[in-house]
Amino acid sequence: MAQSNFSSGNFNFATNPGMNMQQQFQQQQQQQQLQQQQQQQMQQQQQQNVPLTSLFMPKIFNDERDNIIGLFNQIQAFWGTGKAYYSAFNIPYELNETDSFNRFKTISYSEEKNLEEKLFFLIRYNDEQQLRTNLVQYEQNFKQIIGQNHQVKLELKTILPDNKALIAIMVTENISGKMIPDIQLRNHFNQPQSKQQLNQIFIDSFIEIIFTSLSKQEIEAYLSVPPKGIDERIWEQAKLENPDPQRFIPVPLIGFKALNHRFKLQEKEIHQQQLRLKQMMDNVSTLESNISQFKAKFEECRRKHDNLSFRVLRKMISQEVQRKRTMPIQAEEDKLRADLEAIQAELNVPTKFQGCLNELMSQLRQMQCQNPLISKISFDKSSINEYQQFLNEENRGIMSLVEILKKDIQDIKKFLG
């Protein structure tokens, strides 16, 4: 009786007396997984056969309530999420972001990397400092799988939002020192068995492999077929509006998750640019300070140079005087003495400068008396004082020049005597 009860269900212990409990449990799990996969496949086939237009005109109650459900299904379709009930006899349709009615989608452009770019692994992390420390352990794990004949170098390339990071890998041969091409690494790590090993290497923090070095054939194949959820006309328009087809490729952004991820990337890029701008401003401030210090040192050096030049000139004059003391007067020196004496005589003539100035003043007074308009011109006391001060300064300058010329003439006479 007990045997028939066990045999009637999914657990057939009577027909397998030698099977242990672990094998029976594994068989039960496999059967459950198989049933779930069959149910999912049936649901997907049913959903593929359901036209989206029927979601907006459901037939459940056959009254005005169906219109309300249809409007709600339409809103969910615009959101790209939810369950759309359209029939009383069928399961609800699972709405997703790739449906054609989803409104939250757009096209952006991503920079196309060249073939020399490295291979990247996208992983999770909790602490950035701990991640940098774990890179050494990750390299050792790679060596255990790849072998000791190759040298593995991991590099933290980029820190992404949501505690994600890109790890670059470079593999070289120990004997020849030749670097393994990215295409060969892609073919190796893209195998299912290698992906399982990557999860062990990165200690259950591996997410996916990022390929940045795509061939022209792969890019052409990617551009030839619109991504799921993107209309073909929009995809063609995006390819035509590409600002630089040699550098960028169109990439779809579908749903809130993709938009939020891009927004976080933009925030991170803005933060990096702000840090770079601050660094540039600090460099400019440092350069300005260095320029100010250089100007001060330059002025000090210029003063020292002028002082040394004056001392050298005095020394040269002294040497020249000592050298020409026993030599006769040359024609140039005699001409210079004559010119200086003529200048002194011209300055000493009473009617040359001072007389001309007195004559101009008398003519000005005469014109003021003859012309009534000029007589109306008046100067205040401060202006007259300024004019007098200016004339006095000019007079002192002329007298100083005369004294200098006299001293020079006396020096020349002493030199000649």
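Annotation: Arg103 fulfils all but one of (1) modelled with pLDDT of 85 or more; (2) in contact with a Lys or Arg (Cβ under 7 Å, 6 or more places away or on another chain); the unmet one is (2). Just one of the listed residues (Leu265, Leu253) is assigned to a helix (DSSP H, G or I) and either more than 22 Å from Lys216 (Cα to Cα) or within 17 Å of the chain's Cα centre (by Cα) (or both), namely Leu265.
The residue of segment 179-202 that is surrounded by the fewest Cβ atoms within 10 Å (Cβ to Cβ), among those that are within 33 Å of the chain's Cα centre (by Cα) and in a loop (DSSP other than H, G, I, E, B), is Asn190.
Residue-by-condition table, conditions (1) basic (Lys, Arg); (2) surrounded by fewer than 15 Cβ atoms within 10 Å (Cβ to Cβ); (3) within 36 Å of the chain's Cα centre (by Cα); (4) more than 30 Å from Met179 (Cβ to Cβ):
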site: Asp66; (1), (2), (3), (4): no, no, no, yes
site: Asn73; (1), (2), (3), (4): no, no, no, yes
site: Thr98; (1), (2), (3), (4): no, no, yes, yes
site: Phe101; (1), (2), (3), (4): no, no, no, yes
site: Ile107; (1), (2), (3), (4): no, no, yes, yes
site: Glu111; (1), (2), (3), (4): no, yes, yes, no
site: Leu119; (1), (2), (3), (4): no, no, yes, no
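Contact map, segment 129-152: residues that are farther than 11 Å from Ile201 by Cα and in the same structural domain as Ile180 (by the TED database) paired with residues that are in a helix (DSSP H, G or I) and modelled with pLDDT of 85 or more, Cβ distance under 8 Å, separation 6+ or inter-chain. Pairs shown: Val152/Glu139; Val152/Phe142.
Filter segment 365-417 for residues that are small (Gly, Ala, Ser) and closer than 30 Å to Ala338 by Cβ; which is modelled with the lowest pLDDT? Filtering first and then ranking leaves Gly417.
If you go through segment 128-178 and keep only what is over 15 Å from Ile209 (Cα atoms), part of a strand (DSSP E or B) and among the hydrophobic types (A, V, I, L, M, F, W, C), you end up with Val152, Ile159, Val171. Scanning segment 329-359 for residues that are modelled with pLDDT of 80 or more and under 18 Å from Gly397 (Cβ atoms) yields one hit, Ile343.
The values are calculated or read from the model by the stated rules, or taken from the named source; none is laboratory data. If you're wondering where the values come from, they're calculated on a predicted model, not measured in any experiment. Neighbour counts run over all protein chains shown; Cβ positions are idealised from the backbone, glycine included.
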